[in-house]
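*Asks:* Shown below is the structure under consideration.
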Amino acid sequence: MVKTLSEIIDNAKSKGYSIDTRPFALNIIGVRNSNATDQNTFDDLLAYFYYDSQGKLVGKVVPATTDPSTFWLEQPMNSKGAAILQAGQYKDTWSIGMHRGKYEALVQTKPVTVIRDNDRNALINYFAPTSTGKFGINIHRATIGKDNVSSIDKDSAGCQVFQNKADFDEMMNLAKNSRAKYGNKFTYSLIDERDIVKFANTTGVGLLFLGIAYYIYLKMK
């Protein structure tokens with residue numbers, strides 16, 4: 001799993017995702033764990049970062065979830081199925097607002113694409129149909145509002161959720177600083193680790209065939 005901030009940024013760039021390098025502009029990138037076995041745990045990552053006035057990178061990588069919990073997979077809020085945010089970059093799609101009228105978070109303001117898993121079991125079906133729209137896919141914290149929350153429970157029906165309150169609070173402070181300079185619009189990028197694995201495997205197979213072809217070429221000379 002890509003874990004360091006520099007690894008996550010490099011991977012995002014390799015996908016063509018833009019990184020905002022304006023001083024103190026907030027960037028947020030999620031990484032979905034390809035080895036997830038329990039949808040009730042915070043086994044994904046969220047990176048939040050900015051570049052200071054000297055161009056120095058400042059930020060953190062923290063535990064989170066990018067998927068709906070077991071509860072919402074088995075009892076989806078939407079009749080079409082639980083919402084799983086599709087990997088990609090969603091520019092200027094979130095703004096600071098009230099999450100369900102309870103506390104400030106980053107709330108969805110433009111359409112996103114979600115996978116609609118309607119199997120109603122604890123396993124995510126990434127091959128289910130997709131839909132695009134405004135579904136309340138917010139970026140917020142675990143409701144209990146403390147650090148080291150052990151279980152997602154009902155905290156994510158498809159939102160991107162921080163495990164620790166302290167991390168979320170820090171991100172929101174950075175968001176408010178960014179808003180003061182550049183307006184109330186934020187971009188979120190989601191990387192699915194399975195894409196990294198597929199790319200590595202495809203590249204490896206490609207290099208193998210290239211090597212075989214070159215070997216045959218030398219033999220025929």
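*Asks:* What shape does the range 1-136 take by its C-alpha gyration tensor, where a ≥ b ≥ c are the square roots of the eigenvalues and a/c under 1.5 counts as rounded, a/b above b/c as prolate, and the rest as oblate?
*Replies:* prolate
*Asks:* To continue, here is another question. If we count every other residue with Cβ under 12 angstrom of Tyr51's Cβ, Lys/Arg +1 and Asp/Glu -1, where does the sum land?
*Replies:* 0
*Asks:* Right, another one. Restricting to DSSP loop positions (anything but H, G, I, E, B) with no more than 15 other Cβ atoms inside 10 Å of their own Cβ, which trypsin sites (Lys or Arg not before Pro) remain in the range 53-120?
*Replies:* Listed in order of number, the matching sites are Lys56, Lys80, Arg100, Lys102, Arg120.
*Asks:* Under the definition of Cα pairs under 8 Å and six or more residues apart, what whole-number percent is the relative contact order of the range 1-77?
*Replies:* Relative contact order here is 28 percent.
*Asks:* State to the nearest 20 debye the size of the charge dipole of the chain about its Cα centre, where the only charges are +1 on K and R beta carbons and -1 on D and E beta carbons.
*Replies:* Around 700 debye, computed over the chain.
*Asks:* Okay, moving on. From the backbone phi of the range 56-73, what are the Karplus-calculated ³J(HN,Hα) couplings (6.51 cos²θ - 1.76 cosθ + 1.60, θ = phi - 60°) in whole Hz, Gly and Pro given as x?
*Replies:* Result, ordered by residue: 7, 6, 10, x, 9, 10, 9, x, 6, 10, 10, 10, x, 6, 4, 4, 7, 5 Hz.
*Asks:* Rounded to the nearest 500 deg cm²/dmol, what is the calculated helix-only ellipticity per residue at 222 nm for the chain, with -39500 (n - 2.57) per DSSP H run of length n ≥ 4?
*Replies:* One gets -9000 deg cm²/dmol as the mean residue ellipticity at 222 nm.
*Asks:* Sticking with this structure for a sec: Neighbouring Cβ atoms within 10 Å as the yardstick, rank Val161, Val58 fewest first.
*Replies:* Val58, Val161
*Asks:* Of Lys13/Lys56; Lys91/Lys134; Lys56/Lys134, which sit over 23 Å apart, Cα to Cα?
*Replies:* The answer is Lys56/Lys134.
*Asks:* Using a Förster distance of 41 angstrom, determine the FRET efficiency expected from the C-beta separation of Lys15 and Ser79, and round it to 0.05.
*Replies:* For R0 = 41 Å, the calculated efficiency reads 0.80.
*Asks:* Near Lys165, which aspartates and glutamates are there with a Cα under 19 Å away, not counting those fewer than 8 places off in the same chain?
*Replies:* Straight-distance partners of Lys165: Asp43, Asp44, Asp67, Glu104, Asp147, Asp153, Asp155.
No value in this document is a laboratory result; all are computed from the given coordinates. Just so it is clear, the model here is predicted, and its values are computed rather than measured. As a convention, Cβ positions derive from the backbone with ideal geometry for all residues, glycine included, and neighbour counts pool all protein chains shown.
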